[in-house]
Amino acid sequence: MAAPRFEQSVFINCPFDPAYETLLHAIVLTTVSLGFIPRCALEAGDADYRFPHILELLTKSKYSIHDLSRFTGEGAANLARMNMPLELGVAIGLKLSRKKHRWAVMVPTAPVDPQAGQAAFEYQRYISDLAGKDPLRHEQTPESVVREVYSWLKTLDEVVNPQPGGPAIVAALPAFQRKIADSKDNALGKSIWADILTAALEAAPKVNA
């Protein structure tokens, strides 16, 4: 299989835990449906040290999406995940150094502030240096993630035309997830990135020119 073209490649920087899995699927299917190729750390398989591979993928991707959903502490040690901010920093550096990389940040919608009467800009509290950068805001549902990723990808030069609508992508999600489950069963419980991409290509809604 030929390597994805730089102009079509979208690096996905997000959590990979089971709780986020359906949101990752939403990002992947939306990306493929609009004519792009998703890239992410999962391509490295079970490598112990993924960062050099991540750097390579970012430099080979014209675009990247960074979800900062896991900004709070977890477990008895109350540790927050730093992989996503680290990879976002690399993407910002690429943009500043060669101006051939465009990135978007996604954040979960904050609870409504009872005093202000509107959703608080919570992300500005944990990553205040992004003040002035309007992030994509989702409600941690597949539908809202499709909405946000779809709206951003449509602004990119390489978006496929004609393109399916957002509702068609949402409607295709169950079939996509069934294909992923089948491929995982065939791999004896192993989730393989190449199988996920194949499932996305098969499930992506088709549009007649």
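Some observations on this one:
- For R102, the residues whose amide H sits under 5 Å from its own are Y63, S64, ignoring neighbours fewer than 5 places away on the same chain, with H placed 1.01 Å from N.
- Sorted peptide list for 28-41, 7-20, criterion being average Cβ within 10 angstrom, highest first: 28-41, 7-20
- Pair N186, T155: separation of 7 Å Cα→Cβ label points (nm): 3.8
- Packing-based order for 161-172, 182-193, using average beta carbon neighbours within 10 Å, highest first: 161-172, 182-193
- Taking 32 Å as the limit for the C-alpha separation, the pairs K95/K184; K99/K179; K62/K206; K100/K179; K60/K154 exceed it in the case of K95/K184; K99/K179; K100/K179.
Bear in mind these aren't lab numbers, they're just calculated from the coordinates by the rules spelled out. Quick caveat, the model's predicted, so the values are computed rather than measured. Methodologically, a virtual Cβ is constructed for each residue, glycine included, from the backbone with ideal geometry; neighbour enumeration extends over all protein chains shown.
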